[in-house]
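Asker: Next up is a structure, given as C-alpha cells.
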Amino acid sequence: MDEDYDVIVLGTGLTECILSGLLSVEGKKVLHIDRQDHYGGESASVTLSQLYGKFKQNPLSKEEIEGRFGRDRDWNVDLIPKFLMANGELTNILVHTDVTRYVEFKQVSGSYVYNKGKVYKVPANEMEAISSPFMGIFEKRRMKKFLEWIGDYKEDDIKTHQGLDLDNNTMDEVYYKFGLGSSTKDFIGHAMALWTNDDYLQQPARPTFERIVLYVQSVARYGKSPYLYPLYGLGELPQGFTRLSAVFGGTYMLNTPVEKVMYTEDGKFQGILTKEGTARAPVVIADPTYFPEKCQSTGQKVIRAICILDHPVANTSNADSCQIIISQSQVGRKNDIYIAVVSDTHHVASKGHYLAIVSTIIETDKPHIELEPAFKILGNIEERFMGIAEIFEPKEDGSKDNIYLSKSYDASSHFESMTDDVKDIYFRVTGHPLVLKKRETVESEQ
Amino acid sequence: MNSNVASIKLVLLGEAAVGKSSIVLRFVSNDFSENKEPTIGAAFLTQRVNMGNQTIKFEIWDTAGQERFASLAPMYYRNAQAALVVYDITKPQSFIKARHWVKELHEQASKSIIIALVGNKLDLLESDEERKVAREEAESLAQEEGLLFFETSAKTGDNVNEVFLGIGEKIPLKQQEVQNGNGASVNEVSRVDLNVAGSSGANSSGCNC
C-alpha cells in the first residue's frame, strides 16, 4: 500500500467511527485503522473470554467459562456503561445518517434512584408521579409548578420566565424560587439533569434547564424511561458507523499497529507507516492512545465494575434493564455512583443472566470500597471485573499539526458529552459546524 | 397475487475481486460491467423473487470493501438468513478463503443460516484460462458443510438466478426455525423505531418494508 487519503482515522471507538462515517458521506476519502483485531476500541462490546483476558491475571479457559456462563458468543459485554437519551444528539445522528438500518434498539425499562436505603422508580409520567411514595403531597405540588415552568418557558416571551434569568440566576436560586427541598433538588439535579456532582448548583441555570428539557422530552418519546439501548451491546454503534463509512468508500484496516507517524518539515501531520505500507493524508483524527504525548490527564479517574448476575436487581419490578443512580448526598460522597443494568433480552448475556456495570469518579485511595453501596443493591454477584480508567483530553486543538484528538469516555451515563466532542472535532477539522440533514436513501429496488 | 412477502437478509462473503458485487448486479439489474467500481452509498440492494404463493424480498448486503484488509464487522453477518460465499474458480487462494468464511459463518452467524457456495467466473474457461478449483472439491466441501453449491458466470449471467432461487426454495421451511431455533426470543413489542418521530406512547417493532 502506498496511498493518499483526505483523512486518516486511528482507533475505532464510537467518536472516531461517527466522524469517519460523517466525513465519508461528505465525499472525503477516509482510511480508518485500529491496532486491535476488533472494532470499538474503548467502546467495544466483548465476549466473556475476551473480558477475562482483559481483566484477570489467570483467565479461565473457554471451556470453563462456557461451563459456568453458557456459550461465549452469546455475550457482548460493554466496557463502558452508557445509554442513549431517546431525544439526544446521538439519536439524531443515527437517524440522519440512516445508521438505524444496521442497529436495533430497545427502551431501557426504568430509571431508579437510591434514597434512604431504598430503590425508587423515577416517575416516567404524571400518573406515576402522583402515586410515587418518593415525595410528600406539598412537595409534589411544588415540583409540578417547577416542571410547568420548564414546559411553558419560551425564550422570547418574558412572561413565561417568571422573573428568572437562565444566564444570570444560579440553579440554586431557581430551586429557591419554587421552594424545593433538598431531596427534591437532589432528585432533579441528579436523576433528571444527570449531573454527577453538585457543582451545578452555583452555576447559571441554563445548562441544567436544557438537561431537564432533554430528559423530559426523552421520556415522552417512548414512555418507559428516557433511555435506549442497542441490541447486541454498545459495540454495535461503532460498527454501524464503520459500515456507513465503508459504503461511502471508507477503507478499513483492523489488526494494524501504527509503526511510524510521519511529519512534514514544519511539524504537520503527513502520514503513517503500517505493515501494509505508507498512507498519507493532510489530517489525522485519533483517540488519545495513539498520541499519548499530545494528551493530558483531566485529573479524573473512573472506576468501573462489570458484574454478572443471575437475577434481576431487587425492587426494580424484575426490569430487564434499568439505571440506578446513587446520589452522592445519600452516601456521603461528592460524585454519584451509577448502575447500568442490561440482560439476555438485549443479546448481551446468555439466557438468564444480567450485566450490571457500576461506575463512579474515584475520590479515595480505596476506590473498590467506594462502590460498596452499589454492590449491596445488586445482591449476589457471580463474577466481577474491575478496572480504573484515567480520563484524558488533548493538550492542543490540532490547528498547529493537523492532529485532532478525541477525549476519553467520561463518567456520565449517556452519550451527550461524547457527541459534543464529535461536533467539536468535526468543526475543527472541516471549518464548518455539523449540520444534520436527512440524507437521500440510496436503495435500488426493482 | 402474492400476499406473503418475506424479507431475507443475504450477505456476500469472499475474497476481494472474486465477483461478489457482479453477481448481485447481474441478479438485481441483469447487467454486468468489467472493472466495476464498488457501489457508493448503497446500504444494501433489494430484489424480489416470486416463489409460488410467496414473494421473497432479498436485502443483499455487500461487504463495501471491508474484506480488503480482513476487517468485516461481526454486525455484517448478524441476523443474516442467507449468505453467498463466493470464490473464483481460477484462483485457488480464493477457495481457501471461502473455506474460512464457511467456518466463520458456522461459528458466528445464526444457526439456521442458509449458505450457498458459489464458484464464479465460469466464462474465463472459454477464454483459455485454466480451472484451478475442481468442481468435485467444491462439491465435497458443500456436502460436508451442508451448503448449496453453484458455479456461475456473472459476466454471461450463467446460473446466477439459480443461486437465489435455490436459496429462496430453502427459505420458507427454514423461517420457522429462525423464530424458534436460535434461542433469540426477543420481545418485539419493546423494540423502538428511531425514525418514527413519535411524541408519546410505545412504538412497536418497526418493519420498514
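Asker: Could you give the radius of gyration (one decimal) and Dmax (whole number) of the Cα atoms in the range A:287-446, in Å?
Answerer: Final numbers for Rg and Dmax: 19.8, 64 Å.
Asker: Compute the distance in nm between two label points, each set 7 Å from the Cα along the Cα-to-Cβ direction, one at residue A:157 and one at residue A:56.
Answerer: A separation of 6.0 nm, rounded to one decimal place.
Asker: Extending each Cα 7 Å along its Cβ direction at residue A:420 and residue A:126, get the distance between those two points in nm, one decimal.
Answerer: Label at residue A:420, label at residue A:126, 3.3 nm between them.
Asker: Between rounded, prolate and oblate, where does the range A:31-155 land on the alpha carbon gyration tensor, with a ≥ b ≥ c its root eigenvalues, rounded for a/c under 1.5, else prolate if a/b exceeds b/c? Please report the intermediate quantities before stating the final value.
Answerer: Values: a/c = 3.26, a/b = 1.72, b/c = 1.90.
Because a/c hits 1.5 or more and a/b fails to exceed b/c, the range A:31-155 counts as oblate.
Asker: Just how large is the dipole of the range B:5-170 about the Cα centre, in debye to the nearest 20, putting +1 at every Lys and Arg Cβ and -1 at every Asp and Glu Cβ? Don't skip to the answer; put the middle values down first.
Answerer: Numbers: 19 positive and 24 negative charges, 134 e Å.
Its charge dipole is roughly 640 debye.
Asker: How do the peptides A:297-305, B:114-122 rank, highest first, by the average count of neighbouring beta carbon atoms within 10 Å per residue?
Answerer: Numbers: A:297-305: 16.6, B:114-122: 24.8.
Packing proxy ranking, top to bottom: B:114-122, A:297-305.
Asker: Sort largest first and round to whole Å: the equivalent ellipsoid semi-axes of the range B:58-140, each the square root of five times a Cα gyration tensor eigenvalue.
Answerer: Numbers: eigenvalues 123, 39, 28 Å².
That gives 25, 14, 12 Å for the three semi-axes.
Asker: Quick one: pull the percentage of alpha-carbon pairs in the range A:127-221 with a separation above 15 Å. Don't skip to the end; give the middle numbers.
Answerer: Numbers: 2705 of 4465 pairs.
Roughly 61 percent, rounded to a whole number.
Asker: Tell me the label-point distance for the pair residue A:432, residue A:315, using the 7 Å Cα-to-Cβ offset, in nm and rounded to one decimal.
Answerer: Label-label distance for residue A:432 and residue A:315, simple model: 5.3 nm.
Asker: Could you tell me whether the range A:1-97 comes out rounded, prolate or oblate from its Cα gyration tensor? Rule is a ≥ b ≥ c as square roots of the eigenvalues, rounded for a/c under 1.5, then prolate if a/b exceeds b/c, otherwise oblate.
Answerer: oblate
Asker: From the C-alpha coordinates alone, can you work out the Kirkwood hydrodynamic radius of the range A:192-272, in Å?
Answerer: Numbers: mean 1/r = 0.0565 Å⁻¹.
After inverting the mean inverse Cα-Cα distance, the result is 17.7 Å.
Asker: From zero outward in steps of 5 Å, how is the percent of C-alpha pairs of the range A:23-63 spread across the bins?
Answerer: Spelled out per bin, shortest first, that is 5, 17, 19, 15, 17, 7, 6, 6, 5, 1.
Asker: Under the Kirkwood approximation for Rh and a Cα-based Rg, what ratio Rg/Rh is obtained for the protein assembly as shown? Before the final figure, lay out the partial values.
Answerer: Numbers: Rg = 26.5 Å, Rh = 26.8 Å.
Computed over Cα atoms, the ratio is 0.99.
Asker: With each run of n ≥ 4 DSSP H residues scored as -39500 (n - 2.57), what mean residue ellipticity at 222 nm is computed for the protein assembly as shown after dividing by its residue count and rounding to the nearest 500 deg cm²/dmol? Mind dumping the intermediate values first?
Answerer: Details: 18 runs with 190 residues, N = 655.
Value at 222 nm, helices only, nearest 500: -8500 deg cm²/dmol.
Asker: Right, here's the next one. What is the calculated FRET efficiency for residue B:137 to residue A:384, with r their C-beta to C-beta distance and R₀ = 41 Å, to the nearest 0.05? Please list the in-between numbers first.
Answerer: Values: r = 50 Å, r/R0 = 1.22.
Plugging the Cβ-Cβ distance into 1/(1 + (r/R0)^6) gives 0.25.
Asker: Mind checking which of A:166, A:113, B:71 is farthest towards the positive end of the protein assembly as shown's charge dipole, using Cβ charges of +1 (Lys, Arg) and -1 (Asp, Glu) about the Cα centre?
Answerer: A:113
Asker: Between residue B:126 and residue A:396, what's the calculated FRET efficiency when r is the beta-carbon distance and R0 is 35 Å? Round to 0.05. Don't skip to the answer; put the middle values down first.
Answerer: Working: r = 61 Å, r/R0 = 1.75.
Given R0 = 35 Å and the Cβ-Cβ separation, E is 0.05.
Asker: Count the net charge of all other residues whose Cβ sits under 9 Å from the Cβ of residue B:7, scoring Lys and Arg as +1 and Asp and Glu as -1.
Answerer: Numbers: positive: B:9, B:57; negative: B:59.
Around residue B:7, the charge tally is +1.
Asker: Okay, next question. When the distances between all Cα atoms of the range B:5-170 are binned every 5 Å from zero, what whole-number percent does each bin get?
Answerer: It works out to 2, 9, 19, 24, 22, 16, 7, 2, 0, in whole percents.
Asker: With r defined as the distance between the Cβ atoms of residue B:54 and residue B:106 and R0 fixed at 25 Å, what FRET efficiency is calculated, to the nearest 0.05? Can you show the working numbers first?
Answerer: Numbers: r = 27 Å, r/R0 = 1.08.
Computed FRET efficiency for residue B:54 and residue B:106 comes out at 0.40.
Asker: Still on this model: Any chance you could give the angle, 0 to 90 degrees and rounded to 10, that helix A:137-152 forms with the longest Cα principal axis of chain A?
Answerer: That helix lies at roughly 50 degrees to the long axis.
Asker: Angle, helix A:416-430 long axis vs. longest principal axis of chain A, Cα atoms, 0 to 90°, nearest 10?
Answerer: The helix A:416-430 is inclined about 40 degrees to chain A.
Asker: Peptide B:55-67: average number of partner chain Cβ atoms within 10 Å per residue? Write out the running numbers ahead of the final one.
Answerer: Working: counts 0, 0, 1, 0, 2, 0, 3, 2, 3, 10, 6, 11, 2.
What the average comes to for B:55-67 is 3.
Asker: If you take every DSSP beta bridge whose two residues both sit in the range A:1-144, what share of them, in percent to the nearest 5, is antiparallel?
Answerer: Values: 6 of 10 bridges.
Bridges in the range A:1-144 that DSSP calls antiparallel: roughly 60 percent.
Asker: Within 10 Å of each Cβ of A:219-226, how many other protein chain Cβ atoms are there on average? Numbers along the way, then the final one.
Answerer: On the way: counts 1, 4, 10, 11, 6, 3, 0, 0.
If you average over the peptide's residues, the count of other-chain Cβ atoms is 4.
Asker: Within a Cβ distance under 13 Å of residue A:227, other residues only, what is the Lys/Arg minus Asp/Glu net charge? Present the calculation step by step, with values, prior to reporting the outcome.
Answerer: Working: positive: A:82, A:106, A:221, A:224; negative: A:320, A:416.
Taking every other residue near residue A:227 into account, the sum is +2.
Asker: List the trypsin sites (Lys or Arg not before Pro) within the range A:113-191 that fall in a DSSP loop (any state other than H, G, I, E or B) and whose Cβ has at most 14 other Cβ atoms within 10 Å. Could you put the intermediate results ahead of the total?
Answerer: Numbers: sites: A:116, A:118, A:121, A:140, A:141, A:142, A:144, A:145, A:154, A:159, A:177, A:185; in loops: A:116, A:154.
Sparse-neighbourhood loop trypsin sites (Lys or Arg not before Pro): A:116, A:154.
Asker: On average, how many beta carbons from a partner chain sit within 10 Å of the beta carbon of a residue in A:240-250?
Answerer: Numbers: counts 2, 0, 7, 9, 3, 2, 12, 13, 4, 7, 3.
Taking the mean over all residues of the peptide, I get 6.
Asker: Nearest 5 is fine: what % of DSSP beta bridges in the protein assembly as shown come out antiparallel, could you say?
Answerer: 55
Asker: Add +1 for every Lys or Arg and -1 for every Asp or Glu among the other residues with Cβ under 12 Å from the Cβ of residue A:294, and state the total.
Answerer: -4
Asker: Compute, for the range A:302-417, the length of the dipole vector about the Cα centre, with Cβ point charges of +1 (Lys, Arg) and -1 (Asp, Glu) only. Units Debye, rounded to 20.
Answerer: On the way: 10 positive and 17 negative charges, 39 e Å.
The calculation lands at about 180 debye.
Asker: Per residue, what accessible area does the protein assembly as shown have, given a 1.4 Å probe and all protein chains present, in Å²? Could the numbers behind the result be given before it?
Answerer: Numbers: 28290 Å² over 655 residues.
The answer is 43 Å² per residue.
Asker: Using only the heavy atoms of the protein chains and a 1.4 Å probe, how would B:33, A:399, A:317, A:111 rank by accessible area, largest first? Can you show the working numbers first?
Answerer: Values: B:33 50, A:399 75, A:317 105, A:111 5 Å².
Heavy-atom accessible area, descending, gives A:317, A:399, B:33, A:111.
Asker: Output needed: percent of Cα pairs per 5 Å distance bin for the range A:186-331, bins running from 0 to the one holding the longest distance.
Answerer: P(r) over the range A:186-331, rounded to whole percents: 2, 6, 9, 12, 13, 13, 13, 11, 10, 8, 3, 1, 0.
The values are calculated or read from the model by the stated rules, or taken from the named source; none is laboratory data. Just so we're clear, the structure is a prediction, and the values are computed from it rather than from any experiment. No Cβ is skipped: glycine too gets one built from the backbone with ideal geometry, and neighbour counts run over all protein chains shown. To get the accessible areas, we keep the full protein, side chains included, count just its heavy atoms, and leave off ligands, DNA and RNA. Shrake-Rupley method; radii C 1.70, N 1.55, O 1.52, S 1.80 Å.
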